[in-house]
Amino acid sequence: MITEVENIGWEDRMASRTQRMKSSVIRELLKLTMRPDIISFAGGLPAPEFFPIREFDEACHHVLQTEGQVALQYSPTEGYPPLKEFLAEYMSKYGILVEPENILIVCGSQQGLDLLGKLFIEKDGCVVCSRPTYLGALQAWNAYEANFCSVDLDDQGMVVEQIPAIIKAGHTPRFVYVLPNFHNPAGTTLSEDRRNRLVEIAREHDLVIIEDDPYGELRYEGEDLTPIFRLAPERTIYLSTFSKTLAPGIRLAWVVAPKPLIQRLVQAKQGADLHTGTLVQMVANDICQRGILKQHVKRLRKVYHARRDTMLDAIEEHWPAEISYTRPAGGLFLWPRMPEAIDTEEFLERAVEEKVAYVPGFAFYPQGAGGHHAMRLNFSNASEEMINEGVYRMGVALKRELA
Ligand SMILES: Cc1ncc(COP(=O)(O)O)c(C=O)c1O
């Protein structure tokens, strides 16, 4: 059996940079929360009962019947041209005006983040992000030995006004990483003022901006704000994904950037996987061309809006009043902040005893330096009934803890 062979010291053989690669707290947690008796608010998972399975079935059938030989063949690294054309047109409604040549199709935004790290980050290179920030970005860029220079986050999103102080302290940011809409984990949206301010700062200090926008389409109230890409197309790299609007299992996303950078990303992607699956791109294109994406997003907005409201109402009803939380206008997450007495990493054990799970806030901080009194709750993956029950159970445990 392979499990019984001698361990020849794999760790000592690895490149030194791999020391900073850790398995993500979330992925480990997700294993625990797979238990059917646990109500999990931990993952960032879409609601599987709304996956457009029939539509995928029809699209697969159609693509294989009509263009099977193309669908099962190698294809250009840049991506399937008709899908890129669709995306260029699709994004224009948000004021992102680009040509298909400005788009690279990738296997999930996560791959986009990794490729950008591969191109831009040198050992100890400064990456500006908010604290908290997206865990997957920390994971991807830790592998390239990034030095995360973080700034605060408040109700208006990332406090971009703190960026000049980082530069003044002697750092040269490789880029600024921004989650403009319905931040993961904090749920906040970067205000229009802050977007403009960020662009001014970036122009003044000649900075590159990475705008990671997986949730922009999932807005439940209010008006869309201006994409940063629109404000500064010369220095912004925009990423979006089908993970939250169609299905994450298809691993399909796209990067928008100036053409010289797309060329370099193409080279980086060739080294990683040659290209994103041809069949999956053609199937997604078929779904998009038939108008299903638009209808489906409309439906998801309705479902997630109701789930968000249920979670907010349940917290209001069942949790101690000293706990504060964001009211996100979209996305998938709430970010409750606890009194000092509750360490959310320790409290997780209590919550799991009550058969509820969440992600402790520290997981979203570079070097785990903070977030000990905050937690991320996901509201898209549980029914309204489960949300009520899970929030109630957590409320009981929180009250006991604070008593
Ligand atoms: C902010 C952010 N960026 C990127 C990703 C990765 O998305 P994808 O499934 O497209 O790799 C996620 C997924 O949760 C995310 O929240």
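With the cut-off at under 18 Å, measuring from each backbone N in the stretch 370-398 to a point 7 Å along the Cα-to-Cβ line of LYS355 picks out 382-398. With semi-axes defined as the square roots of five times the eigenvalues of the C-alpha gyration tensor, the equivalent ellipsoid of the chain measures 32, 27, 24 Å, largest first. Placing pseudo-labels 7 Å out from each Cα toward the beta carbon at HIS62 and GLN367 gives an inter-label distance of 5.3 nm. For the stretch 283-403, the dipole from Cβ point charges (+1 on Lys and Arg, -1 on Asp and Glu) about the Cα centre works out to 860 debye, to the nearest 20. With the cut-off at under 13 Å, measuring from each backbone N in the stretch 179-221 to a point 7 Å along the Cα-to-Cβ line of LEU119 picks out 208-211. Just want to confirm a number: the relative contact order over the stretch 67-290, from Cα pairs under 8 angstrom separated by 6+ residues, in percent. Relative contact order for the stretch 67-290 comes out at 28 percent.
How big is the dipole moment of the chain about its Cα centre under a simple scheme where the beta carbon of each Lys and Arg is +1, that of each Asp and Glu is -1, and everything else is neutral? Debye, nearest 20, please.
540
Farthest towards the positive end of the charge dipole of the stretch 1-156, among the residues SER40, PRO76, CYS107, is the Cα of SER40, using unit charges on the Cβ of Lys, Arg, Asp and Glu.
Pick from PHE229, PHE56, PHE242: which residue has the top mean-square fluctuation in a GNM of the chain where Cα pairs under 10 Å get a spring? Its mean-square fluctuation being the largest, the pick is PHE56.
Annotation: average projected area of the stretch 67-290 is 11.8 square nanometres, based on the convex hull of Cα atoms across all directions.
Between ASP154 and ASP193, the distance separating the two model label sites (each 7 Å from Cα on the Cα→Cβ line) works out to 0.9 nm. Positive-end ranking of HIS372, GLN139, ILE262 along the dipole of the chain, with charges on Cβ about the Cα centre, is headed by ILE262.
If packing is taken as the average count of other Cβ atoms within 10 Å, what order do 342-349, 252-259 fall into, highest mean first? Intermediate values should be presented prior to the final figure.
Working: 342-349: 17.1, 252-259: 21.4.
In decreasing order of mean packing, 342-349, 252-259 become 252-259, 342-349.
With R₀ set to 22 Å, the beta-carbon distance separating VAL297 from GLU221 gives a calculated FRET efficiency near 0.90. About its Cα centre, the dipole of the stretch 67-290 is roughly 400 debye, where the only charges are +1 on Lys and Arg Cβ and -1 on Asp and Glu Cβ.
Take the Cβ atoms of GLN263 and LYS31, set R0 to 41 Å, and the FRET efficiency comes out at 0.55.
DSSP bridge analysis restricted to the chain gives an antiparallel fraction near 50%, rounded to the nearest 5.
With a simple spin-label model that places each label point 7 Å from the Cα along the Cα-to-Cβ direction, the separation between GLU385 and GLU346 comes to 3.7 nm.
Values in this text are rule-based calculations from the coordinates and carry no lab data. Remember, predicted model here, so these are calculated numbers, not experimental data. Heads up, the Cβs are rebuilt from the backbone with ideal geometry, glycines too, and the neighbour counts pull from every protein chain shown.
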